[in-house]
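Remarks on the structure that follows.
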Amino acid sequence: MVNIRDLDPSASPLDYYGSELRRLREGAGLKQGALGSIIFCTGSLIGQIETARKVPTRDFSERVDAALGTGGMFSRLVGLVLRSQLPTWFQAYAEMEARAAYISSFQAQLVDGLMQTPAYARALLGGRSPRGLDAKVEARMDRQRILDRENPPLMWVVLSEAVLHQEIGGREVMRNQLSHLLAEREREWVKVQILPFEAGAHAGLMGSFNLLRFDDDPDLVYTEDFVQGHMTANPQAFREGSLRYDHVQAAALSLEDSAALIARVMEERYGNHPETDGRAVA
């Protein structure tokens with residue numbers, strides 16, 4: 001079992017979080033079980049977080065702040081902890097994404113991470129290994145906080161129609177995910193279009209990509225392969241990405257027709273239909 005005294009607070013945000021939690025808890029004269037009772041969790045969970053064996057959630061951090069009177073320290077620190085749970089090669093992009101004024105996303109196979117439901121993200125991220133899955137999902141959900149802030153980025157997403165039919169996590173998960181996409185229309189700064197199968201050959205056939213625009217920093221284009229992501233501020237690359245995105249948008253359905261297609265697929269493919277011959281109707 002890891003001894004908290006062996007942890008190096010400078011080793012990682014998670015180690016620092018754990019060491020500070022123990023320091024402030026002991027300073028308040030509380031046992032792990034006593035603090036757990038105050039914030040409605042087990043003393044064992046407190047111990048796991050103090051020894052950097054479990055990643056804290058934002059909700060946990062807010063409750064600890066209230067219990068220990070830290071002035072919001074853990075609520076601020078947990079953002080760094082969760083970002084450190086993202087793949088190393090993705091962390092730089094997540095930092096720039098959080099600073100962007102305008103996000104343009106084209107996704108050929110999956111719902112954009114900023115619009116995924118927890119269940120969809122869990123099914124997707126747990127596809128290869130369940131190890132550290134809770135922390136991975138929490139980190140992805142934490143990225144979405146940028147859409148709730150006072151001055152959120154304008155986000156425009158184009159999804160291939162294939163995204164609607166690629167069943168991730170089962171019918172119920174997909175139904176809720178498509179319902180979430182429709183609900184995002186209530187945010188005036190979020191727009192979703194669908195690129196239909198009928199578009200045929202289009203500018204997005206080379207794969208998914210994102211464009212980030214900033215008020216003060218150089219604009220970026222981001223792509224991924226099966227190993228890692230690639231981010232560049234090269235003006236020519238951004239120009240090519242912008243032109244490609246313009247063509248994708250032009251070939252996509254209107255916002256209203258896109259919503260209608262999402263709703264139709266949600267009902268016809270993932271609705272509560274009776275089963276036939278023991279198999280669910282697709």
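The values are calculated or read from the model by the stated rules, or taken from the named source; none is laboratory data. Keep in mind that what you see is a predicted model, and the values were worked out from it rather than measured. So basically every Cβ, Gly included, is an ideal-geometry build from the backbone, and we count neighbours across all protein chains shown.
For the stretch 66-86, the criterion of a residue being within 26 Å of F214 (Cβ to Cβ), among the hydrophobic types (A, V, I, L, M, F, W, C) and within 14 Å of the chain's Cα centre (by Cα) is satisfied by at least one position. When residues in the stretch 20-75 are screened for being in contact (Cβ under 8 Å) with a residue 60 or more places away in the chain and among the aliphatic types (A, V, I, L, M), 1 of them pass.
Scanning the stretch 257-278 for residues that are modelled with pLDDT of 95 or more and either over 21 Å from R175 (Cβ atoms) or among the hydrophobic types (A, V, I, L, M, F, W, C) (or both) turns up A259, A260, L261, I262, A263, V265, M266. Quick check, is R128 within 29 Å of M206 (Cβ to Cβ), among the basic types (K, R) and either out of contact with any Asp or Glu (no Cβ under 7 Å at 6 or more places or on another chain) or not assigned by TED's automatic domain parsing to the domain that holds A11 (or both)? Criteria met by R128. Can you pull out the residues in the stretch 260-274 that are out of contact with any helix residue (DSSP H, G or I) (no Cβ under 6 Å at 6 or more places or on another chain) and assigned to a helix (DSSP H, G or I)? Across the stretch 260-274, the qualifying residues are A260, L261, A263, R264, E267, E268, R269. For the stretch 221-256, the tally of residues that are touching a strand residue (DSSP E or B) at 6+ places or on another chain (Cβ under 8 Å) and under 20 Å from W189 (Cα atoms) stands at 8.
Which one of R131, R145, R140 is out of contact with any helix residue (DSSP H, G or I) (no Cβ under 9 Å at 6 or more places or on another chain) and under 29 Å from L80 (Cβ atoms)?
Numbers: R145 fails: out of contact with any helix residue (DSSP H, G or I) (no Cβ under 9 Å at 6 or more places or on another chain); R140 fails: out of contact with any helix residue (DSSP H, G or I) (no Cβ under 9 Å at 6 or more places or on another chain).
Selected residue: R131, the only one of R131, R145, R140 that is out of contact with any helix residue (DSSP H, G or I) (no Cβ under 9 Å at 6 or more places or on another chain) and under 29 Å from L80 (Cβ atoms).
Of these, S12, S44, which one is of a type in the set (S, T, Y) and modelled with pLDDT of 95 or more?
Details: S12 fails: modelled with pLDDT of 95 or more.
From the options S12, S44, the qualifying one is S44.
When Q249 is tested against (1) within 30 Å of E150 (Cβ to Cβ); (2) part of a helix (DSSP H, G or I); (3) under 19 Å from the mean Cα position of the chain (by Cα), just one condition goes unmet, and that condition is (3).
Taking helices (runs of 4 or more DSSP H) that fall entirely within the stretch 1-113, which contain at least 2 residues that are of a type outside the set (S, T, N, Q), in the same structural domain as V157 (by TED's automatic domain parsing) and loosely packed, with under 15 Cβ neighbours inside 10 Å?
Numbers: elements: 13-27, 32-38, 43-50, 58-68, 73-83, 88-99.
Fully inside the stretch 1-113 and qualifying: 88-99.
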